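**Q** Below are the structure tokens for one structure; questions will follow.
Derivation of every value follows stated rules applied to the coordinates shown; laboratory data play no part. Predicted model, so just to flag it, every value in this text is computed and none were measured. Cβ atoms come from the backbone with ideal geometry, glycine included; neighbour counts cover every protein chain shown.
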Amino acid sequence: MAPPSSSRHQRGGGGMRVNLHLLLSLGVLSMILFYIWCLSRFEWTQERTTRLIRDAESTPEPPPTPTIRMNLERTPAIPTIETITTSKKTSAVARPTIDHGTKTTTKAPTTTSPPITRPVETTSQPTTTSLPPTRDMQVASLVASFATRHVEFHSFRATDDYLKTLGNTSVFLFFLCDFDSTTGHHWSAECDDAERSVYTAFATAPAHQRLLTIRVGSEGVFQQSEYRSDFDLKVQTVPWLMKYTPHTSSGYTAYTSAVVRGRSLVDATHARGLLEYVFSDGASLPAQPTQAIEVMASYGDFKRYMRLFEDTEPTYLFFVSAVWPSNGRMWCPYCRFREVVVEYAFRKYAAPTAQLVKVEVAPNAPAWKDKTNPYRKLEVPYVPYMLVPHTDVVDALFYHHYRGDLDDIETLRKMFERDAAMAADVEELNPGVPL
């Protein structure tokens, strides 16, 4: 017979097995109940979401809020002034290719001209009334405003005497042909178109601006006139417009800037915008804080700039002559009337982050013609000239040559807009990646 203690241990072991089975059964049952609860919760949430969406879609739209309509027929029309311009034709802009199609490009900075704007005494403005102005009243006011800000001379002596009275006041000089006594027209048809274009734009120029029209005589007289030989004026042809300031804060005397001539004055598409830009001292175009116009006055500055160049935004190198130290006039005559055209086209059509760099190649003509001039290594054959720098896949620097006329705004527009479109596409697809 087994001892009693052994029998008690067997009964205790059997009790433990019964308790474990019970616990396992309860655990399995609890998991099944939790799983069923989760399923029911998910179905209820899905059904509720579907019901909310269905209710939102079936909700009728609120009635439209009544608006107040003005009786336009009773509203006095604002008088307008007719201008002699041709509507601008828009054209599709081709996206730039790697060879730049036109082979035109110039990156970089142009110098800002020395400050030439000075406050000018103006006539007091007529007091306005609450009555709406009529067209006749506005036209008469415009004519009177133009007359008080415009004067005309017919000889170099009279012009020179007037300019000596200006002090620090700036004035725009507009050189025009004289009238042919036999035909009653200017001896150059371009002067007819330029006169209308300039006068129309100046009629709406800021009130402090002044315009001096100078009739240069017959064609033969003009060829021998002092306007062409004067060191400060140096008028090459007519029609010719430029800004004249007797003195500037930079120390220049008889400083001339913003030179516009010939076809740029009569361009049916772009002349009005260019002239408004000139007469407003650049204020007619909105400022682009990220655009930059710089000047490189030495080859050392240019070399450092290009060593650090990163092809991350459209850049244009505009090679021009330096200026005479006495009056700030470019010694290169062709640079004078292309400078403002390039700057205007750049500011109006180039990418918001574009860079225009004016590179002064030499202090005078002999230094430019010297074969050792360092810019000759860039194959810059003459000034003004434009190059567009780029880097290849191994960051090697190369240049595209711009072959268009630098006073042709339409050609410049196509290049600037094409490069701007390409830069925008690259930035959209690959933010921060160089062009």
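**Q** Kindly list, by first and then second residue, each pair from a residue in the stretch 412-428 that is under 17 Å from Lys348 (Cβ atoms) to a residue that is of a type in the set (Phe, Trp, Tyr) and surrounded by fewer than 20 Cβ atoms within 10 Å (Cβ to Cβ), limited to pairs with Cβ atoms under 6 Å and residues at least 6 apart or on different chains.
**A** Arg413/Tyr349; Phe416/Tyr349; Glu417/Tyr349
**Q** Kindly indicate the residue of the stretch 177-202 that is buried (at least 20 other Cβ atoms within 10 Å of the Cβ) and out of contact with any Asp or Glu (no Cβ under 6 Å at 6 or more places or on another chain) and also farthest from Asp281 (Cα to Cα) among those meeting that condition.
**A** Among those that are buried (at least 20 other Cβ atoms within 10 Å of the Cβ) and out of contact with any Asp or Glu (no Cβ under 6 Å at 6 or more places or on another chain), it is Cys177.
**Q** Pick from Ser264, Ser321: which is buried (at least 16 other Cβ atoms within 10 Å of the Cβ), in contact with a Cys (Cβ under 6 Å, 6 or more places away or on another chain) and among the small types (Gly, Ala, Ser)?
**A** Unique residue meeting the criteria: Ser321.
**Q** Still on this structure, please answer the following. Need the failing condition index for Gly404 against (1) out of contact with any Lys or Arg (no Cβ under 9 Å at 6 or more places or on another chain); (2) surrounded by fewer than 18 Cβ atoms within 10 Å (Cβ to Cβ), just the number.
**A** (1)
**Q** Mind listing just one residue for me: the one in the stretch 189-205 that is hydrophobic (A, V, I, L, M, F, W, C) and part of a helix (DSSP H, G or I) and, of those, nearest to His150 (Cα to Cα)?
**A** Checking each candidate, the answer is Phe202.
**Q** Follow-up. Please determine, by comparing only the residues of the stretch 267-294 that are β-branched (Val, Ile, Thr) and surrounded by 19 or more Cβ atoms within 10 Å (Cβ to Cβ), which one is nearest to Gln355 (Cα to Cα).
**A** The extreme case among them is Ile293.
**Q** Which is more than 26 Å from Pro239 (Cα to Cα) and crowded, with 24+ Cβ neighbours inside 10 Å, of Tyr344, Tyr316?
**A** Just one listed residue meets the conditions, Tyr316.
**Q** Please give the number of the condition Ala297 fails out of (1) among the hydrophobic types (A, V, I, L, M, F, W, C); (2) buried (at least 16 other Cβ atoms within 10 Å of the Cβ); (3) in contact (Cβ under 8 Å) with a residue 60 or more places away in the chain.
**A** Only one criterion is unmet by Ala297, namely (2).
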